[in-house]
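The values are calculated or read from the model by the stated rules, or taken from the named source; none is laboratory data. Just so it is clear, the structure is predicted and the values come from calculations on it, not from any experiment. Every residue, glycine as well, gets a Cβ built from its backbone with ideal geometry; the counts of neighbours run over all protein chains shown. Note: accessible area is taken over every heavy atom of the protein model, side chains too, but ligands, DNA and RNA are not part of it. Shrake-Rupley method; radii C 1.70, N 1.55, O 1.52, S 1.80 Å.
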Amino acid sequence: MEMDYLTEFPLAHMDRRPRKKPRFAWDAPQSHSKAQSELFYGQDVGIGTSFGPSRVLPDHSNLFVKGLAQKGSPPWREDDKDGHYMFALGENLTSRYKIQRKIGEGTFGQVLECWDRETKEMVAIKVVRSIKKYREAAMIEIDVLHLLGKYDRTGSRCVQIRNWFDYRNHICIVFEMLGPSLYDFLRKNNYRSFPVDLVRELGRQLLECVAFMHDMRLIHTDLKPENILFVSPEFIKVPDYKVTSRSPREGIFHKRLPKSSAIKVIDFGSTAYEHQEHNYIVSTRHYRAPEVILGLGWSYPCDIWSVGCILVELCSGEALFQTHENLEHLAMMERVLGPLPQHMLKRADHHADKYVKRGRLDWPEGAASRESIKAVLKLPRLQNLIMQHVDHSAGDLIDLLQGLLRYDPVHRLTAREALRHPFFTRDHYRRCYVCTDRDAGQRPGASIAVI
Ligand SMILES: Nc1ncnc2c1ncn2[C@@H]1O[C@H](COP(=O)(O)OP(=O)(O)OP(=O)(O)O)[C@@H](O)[C@H]1O
(Lines give C-alpha, C1' and ligand atoms only; values in the text may rest on other atoms or scores of the structure.)
Protein backbone atom coordinates (compact mmCIF):
# COMPACT_ATOMS: atom_id res chain seq x y z
CA MET A 1 0.00 0.00 0.00
CA GLU A 2 1.31 3.44 -0.90
CA MET A 3 2.08 5.13 2.40
CA ASP A 4 3.90 8.25 1.42
CA TYR A 5 1.15 10.72 2.01
CA LEU A 6 1.70 11.45 5.64
CA THR A 7 0.65 14.90 6.65
CA GLU A 8 1.40 15.35 10.32
CA PHE A 9 3.19 13.25 12.85
CA PRO A 10 2.66 14.41 16.40
CA LEU A 11 6.30 13.95 17.36
CA ALA A 12 7.59 15.36 14.11
CA HIS A 13 10.15 17.49 15.89
CA MET A 14 11.71 14.29 17.21
CA ASP A 15 11.26 12.14 14.19
CA ARG A 16 13.28 12.81 11.11
CA ARG A 17 11.35 10.38 8.99
CA PRO A 18 7.71 11.20 8.73
CA ARG A 19 5.51 8.25 9.40
CA LYS A 20 2.06 7.81 8.08
CA LYS A 21 0.21 7.92 11.36
CA PRO A 22 0.52 8.68 15.05
CA ARG A 23 1.23 5.91 17.50
CA PHE A 24 -0.96 5.43 20.53
CA ALA A 25 -0.44 1.94 21.74
CA TRP A 26 2.47 1.87 24.11
CA ASP A 27 2.12 5.34 25.50
CA ALA A 28 -1.33 4.84 26.88
CA PRO A 29 -1.95 3.37 30.32
CA GLN A 30 -2.21 -0.41 30.16
CA SER A 31 -5.52 -0.46 31.96
CA HIS A 32 -7.65 1.85 33.98
CA SER A 33 -10.63 1.78 36.25
CA LYS A 34 -14.11 2.96 35.36
CA ALA A 35 -13.48 6.22 37.17
CA GLN A 36 -10.35 6.77 35.14
CA SER A 37 -12.07 5.89 31.93
CA GLU A 38 -14.56 8.68 32.50
CA LEU A 39 -11.63 11.02 32.96
CA PHE A 40 -10.44 10.23 29.46
CA TYR A 41 -13.56 11.37 27.73
CA GLY A 42 -12.97 13.81 24.98
CA GLN A 43 -9.30 12.94 24.59
CA ASP A 44 -7.43 10.48 22.52
CA VAL A 45 -5.87 8.57 25.31
CA GLY A 46 -2.18 8.79 24.74
CA ILE A 47 0.82 10.86 25.58
CA GLY A 48 -1.14 14.03 26.08
CA THR A 49 -0.43 15.31 22.60
CA SER A 50 -3.24 16.04 20.25
CA PHE A 51 -3.28 13.57 17.39
CA GLY A 52 -5.58 15.52 15.17
CA PRO A 53 -9.34 15.22 15.01
CA SER A 54 -10.45 12.85 17.69
CA ARG A 55 -13.05 10.27 17.04
CA VAL A 56 -13.59 9.77 20.74
CA LEU A 57 -16.66 11.71 21.69
CA PRO A 58 -16.57 14.86 23.82
CA ASP A 59 -17.51 15.06 27.46
CA HIS A 60 -21.29 15.25 27.32
CA SER A 61 -21.43 11.63 26.15
CA ASN A 62 -20.24 10.55 29.56
CA LEU A 63 -23.68 11.33 31.00
CA PHE A 64 -25.06 8.92 28.51
CA VAL A 65 -22.57 6.21 29.38
CA LYS A 66 -23.30 6.56 33.07
CA GLY A 67 -26.88 5.69 32.36
CA LEU A 68 -26.06 2.95 29.91
CA ALA A 69 -27.21 -0.47 30.94
CA GLN A 70 -24.32 -2.89 30.95
CA LYS A 71 -25.44 -4.55 27.75
CA GLY A 72 -27.15 -1.62 26.06
CA SER A 73 -26.17 -0.11 22.73
CA PRO A 74 -24.99 3.46 22.32
CA PRO A 75 -27.19 5.78 20.25
CA TRP A 76 -26.77 5.66 16.50
CA ARG A 77 -24.32 8.33 15.33
CA GLU A 78 -22.94 9.55 12.04
CA ASP A 79 -19.43 8.34 11.19
CA ASP A 80 -16.84 11.07 10.78
CA LYS A 81 -16.10 12.42 7.30
CA ASP A 82 -13.56 9.66 6.61
CA GLY A 83 -15.96 6.88 7.55
CA HIS A 84 -14.41 6.27 10.98
CA TYR A 85 -16.65 4.95 13.75
CA MET A 86 -17.49 7.48 16.49
CA PHE A 87 -17.48 6.12 20.01
CA ALA A 88 -17.03 7.00 23.67
CA LEU A 89 -14.84 5.12 26.10
CA GLY A 90 -16.82 2.71 28.24
CA GLU A 91 -19.44 2.11 25.56
CA ASN A 92 -20.43 -1.26 24.21
CA LEU A 93 -19.40 -2.50 20.81
CA THR A 94 -22.17 -5.08 20.54
CA SER A 95 -23.25 -6.39 23.90
CA ARG A 96 -20.14 -8.57 24.12
CA TYR A 97 -17.33 -5.99 24.02
CA LYS A 98 -16.75 -2.89 26.15
CA ILE A 99 -14.48 -0.18 24.73
CA GLN A 100 -11.57 0.61 27.09
CA ARG A 101 -9.28 2.83 25.03
CA LYS A 102 -8.00 3.56 21.58
CA ILE A 103 -4.65 1.92 20.90
CA GLY A 104 -3.95 2.57 17.27
CA GLU A 105 -5.05 3.95 14.01
CA GLY A 106 -4.25 3.00 10.46
CA THR A 107 -5.43 3.46 6.92
CA PHE A 108 -8.13 0.87 7.45
CA GLY A 109 -9.63 2.13 10.68
CA GLN A 110 -9.10 2.37 14.41
CA VAL A 111 -7.88 -0.28 16.81
CA LEU A 112 -9.64 -0.31 20.18
CA GLU A 113 -8.76 -2.16 23.34
CA CYS A 114 -11.96 -3.83 24.51
CA TRP A 115 -13.03 -6.05 27.34
CA ASP A 116 -14.53 -9.30 26.09
CA ARG A 117 -17.33 -10.15 28.50
CA GLU A 118 -17.56 -13.71 27.20
CA THR A 119 -13.93 -14.80 27.43
CA LYS A 120 -13.12 -12.32 30.23
CA GLU A 121 -9.99 -11.02 28.54
CA MET A 122 -8.78 -7.87 26.80
CA VAL A 123 -8.85 -7.96 23.01
CA ALA A 124 -7.79 -5.55 20.27
CA ILE A 125 -10.61 -4.78 17.83
CA LYS A 126 -9.92 -3.21 14.46
CA VAL A 127 -13.00 -1.16 13.59
CA VAL A 128 -12.77 -0.68 9.86
CA ARG A 129 -13.93 2.49 8.08
CA SER A 130 -17.42 2.21 6.61
CA ILE A 131 -16.14 2.73 3.07
CA LYS A 132 -16.67 0.07 0.43
CA LYS A 133 -13.03 -0.46 -0.54
CA TYR A 134 -11.91 -0.75 3.10
CA ARG A 135 -14.79 -3.08 3.92
CA GLU A 136 -13.80 -5.28 0.98
CA ALA A 137 -10.13 -5.21 1.97
CA ALA A 138 -11.12 -6.12 5.53
CA MET A 139 -12.97 -9.19 4.26
CA ILE A 140 -9.78 -10.25 2.45
CA GLU A 141 -7.79 -9.68 5.64
CA ILE A 142 -10.27 -11.88 7.52
CA ASP A 143 -9.86 -14.65 4.91
CA VAL A 144 -6.08 -14.44 5.19
CA LEU A 145 -6.22 -14.46 8.99
CA HIS A 146 -8.46 -17.54 8.98
CA LEU A 147 -6.17 -19.29 6.54
CA LEU A 148 -3.11 -18.48 8.64
CA GLY A 149 -4.93 -19.55 11.81
CA LYS A 150 -6.00 -22.84 10.27
CA TYR A 151 -2.49 -23.97 9.36
CA ASP A 152 -0.52 -22.23 12.08
CA ARG A 153 -0.72 -25.14 14.50
CA THR A 154 2.09 -23.98 16.75
CA GLY A 155 0.42 -20.58 17.24
CA SER A 156 3.50 -19.10 15.66
CA ARG A 157 4.24 -15.57 14.70
CA CYS A 158 1.06 -14.19 13.12
CA VAL A 159 -1.47 -12.38 15.27
CA GLN A 160 -4.50 -14.56 15.95
CA ILE A 161 -7.99 -13.56 14.93
CA ARG A 162 -10.57 -14.34 17.63
CA ASN A 163 -13.77 -13.26 15.94
CA TRP A 164 -15.25 -10.79 13.48
CA PHE A 165 -18.61 -9.10 12.98
CA ASP A 166 -20.30 -6.33 11.03
CA TYR A 167 -21.49 -3.53 13.35
CA ARG A 168 -23.33 -0.50 12.01
CA ASN A 169 -21.65 -0.90 8.64
CA HIS A 170 -18.18 -1.29 10.19
CA ILE A 171 -16.36 -4.59 9.84
CA CYS A 172 -14.85 -5.30 13.25
CA ILE A 173 -11.97 -7.76 13.53
CA VAL A 174 -11.22 -9.09 17.02
CA PHE A 175 -7.57 -9.95 17.70
CA GLU A 176 -5.62 -11.29 20.64
CA MET A 177 -4.18 -8.33 22.56
CA LEU A 178 -0.48 -7.74 21.96
CA GLY A 179 2.10 -5.28 23.33
CA PRO A 180 4.05 -2.38 21.79
CA SER A 181 5.53 -2.48 18.31
CA LEU A 182 9.24 -2.58 17.52
CA TYR A 183 8.83 0.99 16.31
CA ASP A 184 7.25 2.04 19.64
CA PHE A 185 10.31 0.61 21.38
CA LEU A 186 12.80 2.34 19.11
CA ARG A 187 10.99 5.64 19.54
CA LYS A 188 10.78 5.33 23.32
CA ASN A 189 14.51 4.57 23.31
CA ASN A 190 15.20 7.75 21.39
CA TYR A 191 16.21 5.61 18.41
CA ARG A 192 18.92 3.70 20.23
CA SER A 193 19.80 0.39 18.67
CA PHE A 194 18.81 -3.02 20.01
CA PRO A 195 21.56 -5.39 21.18
CA VAL A 196 22.59 -7.75 18.40
CA ASP A 197 21.45 -10.82 20.36
CA LEU A 198 17.97 -9.38 20.52
CA VAL A 199 18.12 -8.51 16.81
CA ARG A 200 19.02 -12.14 16.13
CA GLU A 201 16.05 -13.39 18.13
CA LEU A 202 13.66 -10.93 16.49
CA GLY A 203 15.05 -11.67 13.03
CA ARG A 204 14.62 -15.39 13.51
CA GLN A 205 10.98 -15.06 14.53
CA LEU A 206 10.24 -12.60 11.75
CA LEU A 207 11.76 -14.93 9.17
CA GLU A 208 9.83 -17.87 10.63
CA CYS A 209 6.64 -15.90 10.12
CA VAL A 210 7.61 -14.92 6.57
CA ALA A 211 8.65 -18.51 5.73
CA PHE A 212 5.30 -19.77 7.01
CA MET A 213 3.39 -17.19 4.96
CA HIS A 214 5.41 -17.91 1.83
CA ASP A 215 4.83 -21.65 2.29
CA MET A 216 1.12 -20.77 2.25
CA ARG A 217 1.72 -18.80 -0.99
CA LEU A 218 0.96 -15.51 0.73
CA ILE A 219 3.03 -12.32 0.50
CA HIS A 220 2.64 -9.86 3.40
CA THR A 221 3.89 -6.82 1.37
CA ASP A 222 3.87 -4.39 4.34
CA LEU A 223 6.48 -5.63 6.78
CA LYS A 224 7.86 -2.81 8.92
CA PRO A 225 8.66 -2.19 12.61
CA GLU A 226 5.13 -0.80 13.19
CA ASN A 227 3.60 -4.09 12.11
CA ILE A 228 5.70 -6.27 14.42
CA LEU A 229 4.42 -6.31 17.99
CA PHE A 230 5.96 -7.70 21.15
CA VAL A 231 3.59 -10.20 22.72
CA SER A 232 4.15 -8.76 26.19
CA PRO A 233 4.31 -5.09 27.21
CA GLU A 234 6.86 -5.78 29.97
CA PHE A 235 10.30 -4.25 29.77
CA ILE A 236 13.39 -3.57 31.86
CA LYS A 237 15.61 -0.50 31.82
CA VAL A 238 19.34 -0.88 31.36
CA PRO A 239 22.08 1.77 31.30
CA ASP A 240 23.36 2.72 27.87
CA TYR A 241 26.47 4.78 27.29
CA LYS A 242 26.32 5.08 23.54
CA VAL A 243 26.26 8.55 22.00
CA THR A 244 23.72 8.70 19.18
CA SER A 245 22.87 11.35 16.61
CA ARG A 246 19.67 12.08 18.52
CA SER A 247 21.27 12.22 21.96
CA PRO A 248 24.76 13.50 21.19
CA ARG A 249 25.78 14.35 24.77
CA GLU A 250 27.98 11.90 26.61
CA GLY A 251 26.68 10.35 29.82
CA ILE A 252 24.55 7.52 31.04
CA PHE A 253 21.27 6.98 29.28
CA HIS A 254 18.80 4.27 29.95
CA LYS A 255 17.19 2.17 27.34
CA ARG A 256 14.31 -0.18 27.53
CA LEU A 257 14.64 -3.81 26.63
CA PRO A 258 11.67 -6.13 26.36
CA LYS A 259 11.48 -8.76 29.09
CA SER A 260 10.49 -11.29 26.50
CA SER A 261 11.55 -11.14 22.87
CA ALA A 262 8.46 -12.99 21.60
CA ILE A 263 6.89 -11.09 18.71
CA LYS A 264 3.99 -11.42 16.30
CA VAL A 265 3.33 -9.88 12.92
CA ILE A 266 0.10 -7.89 12.39
CA ASP A 267 -1.71 -6.13 9.56
CA PHE A 268 -2.56 -8.60 6.85
CA GLY A 269 -4.68 -6.01 5.07
CA SER A 270 -2.24 -5.75 2.15
CA THR A 271 -1.44 -9.45 1.91
CA ALA A 272 -1.31 -10.73 -1.67
CA TYR A 273 -1.87 -14.23 -3.01
CA GLU A 274 0.92 -15.55 -5.19
CA HIS A 275 -1.37 -16.08 -8.20
CA GLN A 276 -2.49 -12.43 -8.35
CA GLU A 277 -0.94 -10.00 -10.78
CA HIS A 278 1.78 -8.04 -9.01
CA ASN A 279 2.56 -4.81 -10.78
CA TYR A 280 1.09 -2.18 -8.48
CA ILE A 281 3.12 -0.33 -5.83
CA VAL A 282 3.39 -2.12 -2.49
CA SER A 283 5.14 -1.66 0.87
CA THR A 284 5.70 1.40 2.99
CA ARG A 285 8.39 3.54 1.36
CA HIS A 286 11.43 2.81 3.55
CA TYR A 287 10.94 -0.94 3.24
CA ARG A 288 10.13 -1.04 -0.49
CA ALA A 289 12.22 -3.32 -2.71
CA PRO A 290 14.02 -2.03 -5.83
CA GLU A 291 11.94 -4.21 -8.20
CA VAL A 292 8.79 -2.50 -6.86
CA ILE A 293 10.21 0.99 -7.45
CA LEU A 294 11.45 0.08 -10.92
CA GLY A 295 8.07 -1.41 -11.84
CA LEU A 296 9.52 -4.84 -12.65
CA GLY A 297 6.75 -6.78 -10.89
CA TRP A 298 7.25 -8.35 -7.48
CA SER A 299 6.66 -11.52 -5.51
CA TYR A 300 7.88 -13.19 -2.27
CA PRO A 301 11.32 -11.52 -2.37
CA CYS A 302 9.78 -8.09 -1.68
CA ASP A 303 9.06 -9.32 1.89
CA ILE A 304 12.67 -10.45 2.24
CA TRP A 305 13.95 -7.01 1.23
CA SER A 306 11.73 -5.47 3.92
CA VAL A 307 13.14 -7.89 6.50
CA GLY A 308 16.67 -6.80 5.52
CA CYS A 309 15.76 -3.12 5.99
CA ILE A 310 14.09 -3.88 9.33
CA LEU A 311 17.12 -5.77 10.69
CA VAL A 312 19.46 -2.91 9.76
CA GLU A 313 17.08 -0.48 11.48
CA LEU A 314 17.01 -2.56 14.67
CA CYS A 315 20.82 -2.59 14.71
CA SER A 316 21.27 1.10 14.05
CA GLY A 317 18.08 2.52 15.59
CA GLU A 318 17.12 4.44 12.45
CA ALA A 319 15.45 3.59 9.16
CA LEU A 320 18.02 2.68 6.53
CA PHE A 321 16.53 4.56 3.59
CA GLN A 322 14.97 7.75 4.95
CA THR A 323 13.54 9.15 1.78
CA HIS A 324 10.27 9.95 0.09
CA GLU A 325 11.38 10.03 -3.51
CA ASN A 326 12.14 7.24 -5.96
CA LEU A 327 15.37 8.44 -7.56
CA GLU A 328 16.86 9.46 -4.21
CA HIS A 329 15.79 6.10 -2.81
CA LEU A 330 17.58 4.20 -5.60
CA ALA A 331 20.65 6.42 -5.18
CA MET A 332 20.68 5.63 -1.45
CA MET A 333 20.53 1.93 -2.26
CA GLU A 334 23.55 2.31 -4.56
CA ARG A 335 25.46 4.22 -1.89
CA VAL A 336 24.84 1.54 0.76
CA LEU A 337 24.86 -1.60 -1.39
CA GLY A 338 26.75 -0.77 -4.60
CA PRO A 339 25.50 -0.25 -8.18
CA LEU A 340 22.15 -1.57 -9.32
CA PRO A 341 22.45 -4.29 -11.98
CA GLN A 342 22.13 -2.96 -15.51
CA HIS A 343 19.63 -5.63 -16.50
CA MET A 344 17.21 -4.33 -13.86
CA LEU A 345 17.67 -0.68 -14.81
CA LYS A 346 17.14 -1.51 -18.48
CA ARG A 347 13.79 -3.15 -17.75
CA ALA A 348 12.44 -0.22 -15.68
CA ASP A 349 8.82 0.50 -16.63
CA HIS A 350 7.63 3.76 -18.20
CA HIS A 351 7.21 5.41 -14.77
CA ALA A 352 10.73 4.57 -13.65
CA ASP A 353 12.74 4.80 -16.88
CA LYS A 354 13.17 8.54 -16.25
CA TYR A 355 15.57 7.61 -13.43
CA VAL A 356 17.85 5.79 -15.85
CA LYS A 357 20.23 7.41 -18.38
CA ARG A 358 22.55 5.42 -20.66
CA GLY A 359 22.03 2.22 -18.72
CA ARG A 360 22.87 3.69 -15.29
CA LEU A 361 21.05 5.58 -12.57
CA ASP A 362 20.71 9.26 -13.46
CA TRP A 363 22.48 10.34 -10.28
CA PRO A 364 23.59 12.86 -9.10
CA GLU A 365 22.61 14.65 -12.35
CA GLY A 366 18.91 13.99 -11.82
CA ALA A 367 18.90 14.93 -8.11
CA ALA A 368 16.12 17.29 -7.03
CA SER A 369 18.39 19.37 -4.76
CA ARG A 370 21.81 19.71 -3.17
CA GLU A 371 20.26 18.50 0.10
CA SER A 372 19.21 15.35 -1.62
CA ILE A 373 22.77 14.71 -2.85
CA LYS A 374 24.08 15.42 0.66
CA ALA A 375 21.55 13.04 2.22
CA VAL A 376 22.79 10.27 -0.07
CA LEU A 377 26.49 11.04 0.50
CA LYS A 378 25.92 10.91 4.25
CA LEU A 379 25.05 7.22 4.13
CA PRO A 380 27.79 4.69 4.90
CA ARG A 381 28.35 1.38 3.13
CA LEU A 382 26.41 -1.47 4.68
CA GLN A 383 29.54 -3.04 6.19
CA ASN A 384 30.56 0.19 7.89
CA LEU A 385 27.07 0.87 9.15
CA ILE A 386 26.86 -2.52 10.81
CA MET A 387 30.42 -2.33 12.22
CA GLN A 388 29.54 1.05 13.79
CA HIS A 389 26.68 -0.46 15.76
CA VAL A 390 27.37 -4.13 16.33
CA ASP A 391 30.11 -5.26 18.67
CA HIS A 392 30.14 -8.98 17.95
CA SER A 393 28.86 -11.28 15.19
CA ALA A 394 29.08 -8.36 12.75
CA GLY A 395 30.66 -10.52 10.02
CA ASP A 396 27.82 -13.03 10.00
CA LEU A 397 25.21 -10.30 10.18
CA ILE A 398 26.72 -8.40 7.25
CA ASP A 399 26.79 -11.57 5.19
CA LEU A 400 23.15 -12.30 6.02
CA LEU A 401 22.08 -8.75 5.17
CA GLN A 402 23.92 -8.90 1.85
CA GLY A 403 21.80 -11.96 1.04
CA LEU A 404 18.53 -10.34 2.15
CA LEU A 405 19.28 -7.10 0.32
CA ARG A 406 20.39 -8.59 -2.99
CA TYR A 407 19.02 -6.37 -5.76
CA ASP A 408 17.95 -9.14 -8.07
CA PRO A 409 14.91 -10.77 -6.46
CA VAL A 410 15.80 -14.04 -8.16
CA HIS A 411 19.07 -14.19 -6.24
CA ARG A 412 17.80 -12.82 -2.94
CA LEU A 413 17.76 -15.33 -0.06
CA THR A 414 14.46 -17.03 0.64
CA ALA A 415 13.15 -16.95 4.21
CA ARG A 416 14.05 -20.61 4.73
CA GLU A 417 17.58 -20.08 3.37
CA ALA A 418 18.01 -17.08 5.64
CA LEU A 419 16.97 -19.14 8.67
CA ARG A 420 19.81 -21.55 7.89
CA HIS A 421 22.36 -18.73 7.82
CA PRO A 422 25.23 -18.92 10.37
CA PHE A 423 23.98 -15.67 11.95
CA PHE A 424 21.15 -17.80 13.33
CA THR A 425 22.67 -21.26 13.51
CA ARG A 426 26.19 -20.89 14.91
CA ASP A 427 26.35 -22.75 18.23
CA HIS A 428 28.28 -19.97 19.87
CA TYR A 429 25.34 -17.55 19.49
CA ARG A 430 22.88 -19.80 21.23
CA ARG A 431 24.43 -19.00 24.58
CA CYS A 432 23.70 -15.29 24.28
CA TYR A 433 20.10 -15.46 25.33
CA VAL A 434 18.02 -17.65 27.60
CA CYS A 435 14.92 -19.32 26.27
CA THR A 436 12.17 -19.34 28.82
CA ASP A 437 9.10 -20.58 27.05
CA ARG A 438 10.64 -23.11 24.69
CA ASP A 439 9.24 -25.90 26.86
CA ALA A 440 5.77 -24.44 26.65
CA GLY A 441 5.81 -25.03 22.91
CA GLN A 442 6.20 -21.35 22.11
CA ARG A 443 9.56 -21.67 20.42
CA PRO A 444 11.45 -19.41 20.32
CA GLY A 445 9.95 -16.83 22.67
CA ALA A 446 13.10 -16.02 24.49
CA SER A 447 14.16 -13.81 27.31
CA ILE A 448 17.21 -11.76 26.68
CA ALA A 449 20.04 -12.25 29.08
CA VAL A 450 21.17 -8.69 29.53
CA ILE A 451 24.94 -8.71 29.63
N1 LIG B 1 -3.52 -7.18 18.21
C2 LIG B 1 -3.09 -5.96 18.55
N3 LIG B 1 -2.70 -5.70 19.81
C4 LIG B 1 -2.28 -4.46 20.18
N5 LIG B 1 -2.20 -3.40 19.33
C6 LIG B 1 -2.58 -3.60 18.06
C7 LIG B 1 -3.04 -4.87 17.59
N8 LIG B 1 -3.34 -4.76 16.28
C9 LIG B 1 -3.09 -3.48 15.94
N10 LIG B 1 -2.62 -2.78 16.99
C11 LIG B 1 -2.23 -1.35 16.99
O12 LIG B 1 -3.04 -0.67 16.04
C13 LIG B 1 -2.23 -0.09 15.00
C14 LIG B 1 -2.94 -0.18 13.67
O15 LIG B 1 -3.18 -1.55 13.34
P16 LIG B 1 -3.06 -2.07 11.84
O17 LIG B 1 -1.67 -1.81 11.35
O18 LIG B 1 -3.54 -3.48 11.80
O19 LIG B 1 -4.10 -1.10 11.14
P20 LIG B 1 -4.20 -0.70 9.62
O21 LIG B 1 -5.32 0.26 9.51
O22 LIG B 1 -4.33 -1.94 8.81
O23 LIG B 1 -2.80 -0.01 9.38
P24 LIG B 1 -2.10 0.34 7.99
O25 LIG B 1 -2.39 1.78 7.80
O26 LIG B 1 -0.63 0.07 8.29
O27 LIG B 1 -2.66 -0.55 6.94
C28 LIG B 1 -0.91 -0.87 15.06
O29 LIG B 1 0.19 -0.11 14.60
C30 LIG B 1 -0.79 -1.20 16.55
O31 LIG B 1 -0.24 -0.11 17.26
Q: Kindly identify region 91-176 as rounded, prolate or oblate by the Cα gyration tensor criterion: order the square roots of the eigenvalues as a ≥ b ≥ c, call it rounded if a/c is under 1.5, otherwise compare a/b with b/c, prolate if a/b is larger, else oblate.
A: oblate
Q) Share of region 245-386's accessible area from carbon and sulfur, percent, 1.4 Å? A) 52 percent
Q.
Over region 91-176, with the other protein chains present, what is the accessible area per residue in square angstrom, probe 1.4 angstrom?
A. 40 Å²
Q) Within the accessible area of region 91-176, what % is carbon and sulfur when the probe is 1.4 Å and the other protein chains stay in place? A) 52 percent
Q. Where does the charge balance sit around P409 when Lys and Arg score +1, Asp and Glu -1, over other residues with C-beta under 13 Å from its C-beta?
A. +1
Q) How much net charge surrounds L337 when only other residues with a Cβ under 13 Å from its Cβ are counted (Lys, Arg +1; Asp, Glu -1)? A) +2
Q) So what does T284 come to for accessible area, using a 1.4 Å probe and Å² rounded to 10? A) 20 Å²
Q. So how strong a dipole does region 91-176 carry about its Cα centre when Lys and Arg Cβ are +1 and Asp and Glu Cβ are -1, to the nearest 20 debye?
A. 120 debye
Q. What nm value, rounded to one decimal, do you get for the distance between M86 and N190 when each label is placed 7 Å out toward the C-beta?
A. 4.2 nm
Q) If you rank Y355, Y97 by how much accessible surface each has, with a 1.4 Å probe, what is the order from largest down? A) Y355, Y97
Q: Determine how large the accessible area of I161 is when every protein chain is in place; take a 1.4 Å probe and give Å² rounded to the nearest 10.
A: 30 Å²
Q. Stretched out fully, how many nm does the piece from E121 to R370 gain, at 0.36 nm a residue minus the Cα gap?
A. 84.2 nm
Q: Name the residues whose placed amide hydrogens come within less than 5 Å of the amide hydrogen of E105, ignoring near sequence neighbours (fewer than 5 apart) on the same chain.
A: F24, V111
